[in-house]
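Have a look at the structure below before the remarks.
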There are 2 protein chains.
Amino acid sequence: VEGEKMITVLAGGVGAARFLQGLVEVVPAEDITVIVNTGDDAEFFGLHVSPDIDTIMYTLATTVDEKRGWGVRGDTFSCLKMLKRYGYETWFNIGDKDLATHIYRTQLLRKGLTLSETTERIRRKLGINVKILPITDDKYVTKVVTPSGSIHFQNYFVKRKFRGKVIDVKFEGADNAKPSPKVIESILDSDAVIISPSNPIVSIGTILSVTGVKEALKERRTKIVAVSPIVGGRPIKGPADKLMQGVGLEVSAYGVAAFYHDFLGTFIIDRVDETEKVRIEGLGINVIVTNTIMREMEDKIQLAKVVLRSVGIR
Amino acid sequence: VEGEKMITVLAGGVGAARFLQGLVEVVPAEDITVIVNTGDDAEFFGLHVSPDIDTIMYTLATTVDEKRGWGVRGDTFSCLKMLKRYGYETWFNIGDKDLATHIYRTQLLRKGLTLSETTERIRRKLGINVKILPITDDKYVTKVVTPSGSIHFQNYFVKRKFRGKVIDVKFEGADNAKPSPKVIESILDSDAVIISPSNPIVSIGTILSVTGVKEALKERRTKIVAVSPIVGGRPIKGPADKLMQGVGLEVSAYGVAAFYHDFLGTFIIDRVDETEKVRIEGLGINVIVTNTIMREMEDKIQLAKVVLRSVGIR
């Protein structure tokens with residue numbers, strides 16, 4: 001009998017959630033630890049919202065609205081309509097069921113629990129067996145620098161629908177943000193560390209900016225595998241292209257590989273990007289070319305298998 | 001031209017709200033100040049809920065669910081279902097739109113606003129022209145003493161559906177509760193002080209227990225008129241009978257009059273209670289017999305007119 005293989009996944013929101021849907025079909029959920037970006041966390045209506053944690057949890061609890069990629073399937077939006085009547089800005093769509101998560105989280109945080117402790121309780125209530133670790137319990141905010149000033153990532157992403165030029169991306173609080181308990185241990189002790197096909201700047205970049213994370217990853221190079229979120233020179237979803245440009249990165253699988261080259265062992269790129277293989281290998285990174293587009297569950301499972309095999313699991 | 005007549009109404013929830021629906025048809029809403037019971041206020045899910053204030057506001061904003069008497073018409077209950085999944089007790093029914101009120105109120109209170117200031121903002125957002133004053137901005141909780149112990153009024157009223165014996169009713173915090181700004185001034189300066197057909201113990205009794213309120217009322221006897229909430233020896237709605245028994249009062253219009261006799265000028269009782277007229281007059285209270293059951297809007301308007309005429313208005 002093969003021993004348990006512990007797997008750590010670095011994750012943002014939707015891209016990571018889709019990848020995890022395949023992964024939990026291939027390995028036991030109990031063997032997986034997901035380290036999730038919290039740079040997008042924001043307070044709305046006095047409630048603490050953790051968009052990426054929620055997307056991961058709702059997806060794993062199979063209650064996610066698959067079409068939108070966020071929120072709870074079949075949710076209503078009555079509260080939001082009424083909040084608008086009270087004068088609140090309501091560009092951040094929070095459904096009524098989704099709201100319950102933020103109410104519960106906020107109450108636990110107010111009682112003095114950390115974000116990790118809060119997340120642990122929520123995932124258990126939702127019946128999720130994958131362990132979920134917020135990258136940090138400290139305050140940490142991703143700001144997008146635009147020509148008209150620096151704004152919260154959610155403001156840029158949701159309110160402005162990522163329109164307009166990005167000059168830079170800043171991680172406020174990164175210098176003082178410490179990894180939450182078990183984050184470093186999980187990276188150091190796992191049999192594989194998988195970097196999801198998430199936004200390299202505002203999802204993975206935020207995780208890398210937290211004290212000690214990059215150093216821990218550097219010790220695990222041969223066990224680290226990333227899936228490119230850039231396919232054919234464009235992000236699968238979201239504003240990764242604008243953000244990569246904003247921080248001076250080439251918008252390509254190569255650009256992502258270059259950003260990760262300090263610690264990355266293996267990079268999985270899409271067939272359409274095969275021409276980039278040699279350039280990426282030139283960075284000292286092993287490259288695997290496969291289909292990375294996850295339309296159906298079968299695609300997700302195949303991708304998970306390729307990823308695991310690349311680090312010698314199964 | 002007749003000058004403005006300022007009218008103050010002491011109020012609980014549903015009974016008062018129905019009476020106010022008629023009153024605002026007879027006098028300008030701007031001339032009415034409602035002093036509302038806050039002894040039933042409670043925290044649910046980390047949110048401050050003011051049941052009586054909300055019932056009054058939703059009724060005046062014509063968004064109340066008329067059938068239930070509380071909550072917002074056509075509301076959904078998605079959040080509550082999800083809160084249940086998180087392990088919360090959900091016997092206190094909060095709809096999704098209703099929740100927005102509690103979220104807004106709680107956020108304002110956390111910012112340091114008083115309950116009066118918060119209420120003032122909410123009623124303006126809801127387009128309500130009647131002034132609404134919580135009886136106090138201080139913490140003040142109505143507890144029902146049962147054979148198995150002392151419990152929050154909402155627990156007795158909603159969770160236990162007012163089943164079981166009541167030994168006593170206690171107003172925790174009453175000794176230190178000060179009237180909110182303008183409460184005393186409103187009682188002293190109005191041309192009429194109307195006591196709604198609300199529960200005499202847990203709605204009006206809580207108001208009377210706040211420092212200085214009873215003393216102010218005593219100075220206005222001839223301008224004070226109450227509508228009996230007891231008709232034919234039974235409350236129109238709710239547990240007034242059990243609570244009156246619990247504090248040793250006769251469950252009758254007379255029992256209510258006796259409870260108010262220190263300051264009451266005129267008592268309006270239902271036709272079915274005409275036989276109590278003489279007994280009540282024996283307490284030194286002027287009695288008017290009329291129909292007090294408010295089924296249709298016409299009933300509410302008629303009752304409002306009788307009440308106003310009894311103190312010389314219109």
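The values are calculated or read from the model by the stated rules, or taken from the named source; none is laboratory data. Computed from a predicted model, the values in this text were never measured in an experiment. Positions of Cβ are backbone-derived with ideal geometry, glycine not excepted, and every protein chain shown enters the neighbour counts. What goes into the accessible areas is simple: the full protein's heavy atoms, side chains included, and nothing from ligands, DNA or RNA. Shrake-Rupley method; radii C 1.70, N 1.55, O 1.52, S 1.80 Å.
Going through the cross-link list A:178/B:81; A:131/A:161; A:159/A:305; B:131/B:300; A:139/A:237; A:237/B:84, which pairs have a Cα-Cα distance over 25 Å in this structure?
Working: A:178/B:81 36 Å; A:131/A:161 31 Å; A:159/A:305 37 Å; B:131/B:300 20 Å; A:139/A:237 27 Å; A:237/B:84 34 Å.
Long pairs (Cα-Cα over 25 Å): A:178/B:81; A:131/A:161; A:159/A:305; A:139/A:237; A:237/B:84.
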Report summary line: Cα extents of region A:102-151 along the principal axes, largest first, in whole Å, come to 44, 25, 17
Requested in this report: Any chance you could get the radius of gyration and Dmax over the Cα atoms of region B:39-154, in Å?
Outcome: 14.5, 44
Report summary line: Listed residues B:11, B:100, B:258; largest mean-square fluctuation, Gaussian network over chain B with Cα springs below 10 Å, found at B:100
Report summary line: Whole-Å distance linking the alpha carbon centroid of region B:228-284 with that of region A:200-242 is 74 Å
Report summary line: Counting sequence-distant residues (5 or more places) and residues on other chains, those with an amide H built under 5 Å from that of residue B:231 are B:236
Requested in this report: Take the Cα atoms of region A:152-302, find their three principal axes, and give me the spread along each one in whole Å, biggest first.
Outcome: 35, 35, 32
Requested in this report: For residue B:9, enumerate residues with amide H under 5 Å from its amide H, sequence gap 5+ or separate chain, H modeled in the peptide plane.
Outcome: B:33, B:34, B:35, B:194
Report summary line: Under 5 Å from the placed amide H of residue B:168, counting only residues 5+ away or on other chains, we find B:145
Query - Where a label projected 7 Å from the Cα of residue A:188 along Cα→Cβ would reach, residues of region A:199-230 with amide N under 15 Å - result: A:211-221
Query - FRET efficiency, 1/(1 + (r/R0)^6) with R0 45 Å, evaluated for residue A:261 and residue A:172 via beta carbons - result: 0.95
Query raised in the report: Within 10 Å of each Cβ of A:91-98, how many other protein chain Cβ atoms are there on average?
Result: 4
Query raised in the report: How far is residue A:159 from the same spot in each other copy, in nm, shortest first, if each label point sits 7 Å from Cα toward Cβ?
Result: 4.0
Report summary line: A correct Kirkwood calculation over the Cα atoms of region B:155-207 returns a hydrodynamic radius in Å of 13.8 Å
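What whole-number volume per residue, in cubic angstrom, does the convex hull of the C-alpha atoms of chain A give? List each step's numbers first, then the result.
Details: hull volume 39.5 nm³, N = 314.
In chain A, the Cα hull volume divided by residue count equals 126 Å³.
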Query raised in the report: What order do A:161, A:223, A:218 take when sorted by accessible area (1.4 Å probe), most exposed first?
Result: A:161, A:218, A:223
**Report entry** Cβ charges +1 (Lys, Arg) and -1 (Asp, Glu), total dipole of the protein assembly as shown, debye
**Finding:** 560 debye
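Restricting attention to region B:58-161, which GluC sites (Glu not before Pro) occupy a DSSP loop and are surrounded by at most 16 other Cβ atoms within 10 Å? The partial results should precede the final answer.
Working: sites: B:66, B:89, B:117, B:120; in loops: B:66, B:89.
Here the GluC sites (Glu not before Pro) that fit, given the DSSP loop and packing criteria, are B:66, B:89.
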Query raised in the report: On a 0 to 90 degree scale, rounded to 10, what angle separates helix A:297-310 from the longest Cα axis of chain A?
Result: 50 degrees
Query raised in the report: So, how do all the Cα-to-Cα distances of region A:274-314 break down into 5 Å bins, in percent, from 0 on up?
Result: 5, 22, 22, 21, 19, 8, 2
**Report entry** For chain B, built as a Gaussian network whose Cα springs stay under 10 Å, the top-fluctuating residue of B:279, B:105, B:123
**Finding:** B:279
Requested in this report: Convert each backbone phi in region B:166-183 into a coupling constant with the Karplus relation 6.51 cos²θ - 1.76 cosθ + 1.60 (shift: θ = phi - 60°), then list the ³J(HN,Hα) values in order as whole Hz, x for Gly and Pro.
Outcome: 10, 8, 6, 10, 10, 10, 6, x, 4, 4, 9, 7, 9, x, 6, x, 6, 5
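Relative to the Cα centre, what is the charge dipole magnitude of chain A, using +1 at the beta carbon of each Lys and Arg, -1 at the beta carbon of each Asp and Glu, and rounding to the nearest 20 debye? Kindly include the intermediate steps, with their values, before the conclusion.
Details: 43 positive and 39 negative charges, 175 e Å.
Dipole magnitude for chain A comes out near 840 debye.
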Query - Value of relative contact order over chain B, rounded to a whole percent, pairs C-alpha under 8 Å and six or more apart - result: 19 percent
Query raised in the report: How many nanometers, to one decimal and shortest first, lie between the label point of residue A:234 and those of its other copies, if labels sit 7 Å from Cα toward Cβ?
Result: 7.1
Query - Cβ-derived FRET efficiency at R0 41 Å, residue A:299 paired with residue B:91, nearest 0.05 - result: 0.35
Query raised in the report: Dipole magnitude of region B:40-122 about its Cα centre, charges +1 at Lys/Arg Cβ and -1 at Asp/Glu Cβ only, in debye to the nearest 20?
Result: 360 debye
Query - Integer Hz, Karplus 6.51/-1.76/1.60 couplings in order for region B:287-296, x for Gly and Pro - result: 10, 10, 9, 7, 7, 10, 7, 9, 8, 9
Query raised in the report: What's the FRET efficiency of residue B:211 with residue B:159 using the Cβ-Cβ distance as r and R₀ = 41 Å, to the nearest 0.05?
Result: 0.85
Requested in this report: Quote the Stokes-Einstein diffusion coefficient, in whole µm² s⁻¹, for the protein assembly as shown, based on the Kirkwood radius over alpha carbon pairs, a temperature of 37 °C and a viscosity of 0.692 mPa s.
Outcome: 118 µm²/s
Query raised in the report: Given the options B:175, B:98, B:40, which has the most mean-square fluctuation in a GNM of chain B, springs set between C-alpha atoms less than 10 angstrom apart?
Result: B:175
Report summary line: Per DSSP, the loop-located trypsin sites (Lys or Arg not before Pro) within region B:1-67 having at most 13 other beta carbons within 10 Å are B:67
Report task. Starting from a label point 7 Å past Cα on the Cβ side, list the distances from residue B:29 to the same position in the other copies, nm, shortest first. Result -> 5.0
Query raised in the report: Can you run phi through the Karplus equation (6.51, -1.76, 1.60; θ = phi - 60°) for region B:123-140 and list ³J(HN,Hα) in whole Hz, with x for Gly and Pro?
Result: 5, 5, 4, 7, x, 8, 8, 5, 7, 10, 10, x, 4, 8, 9, 8, 5, 7
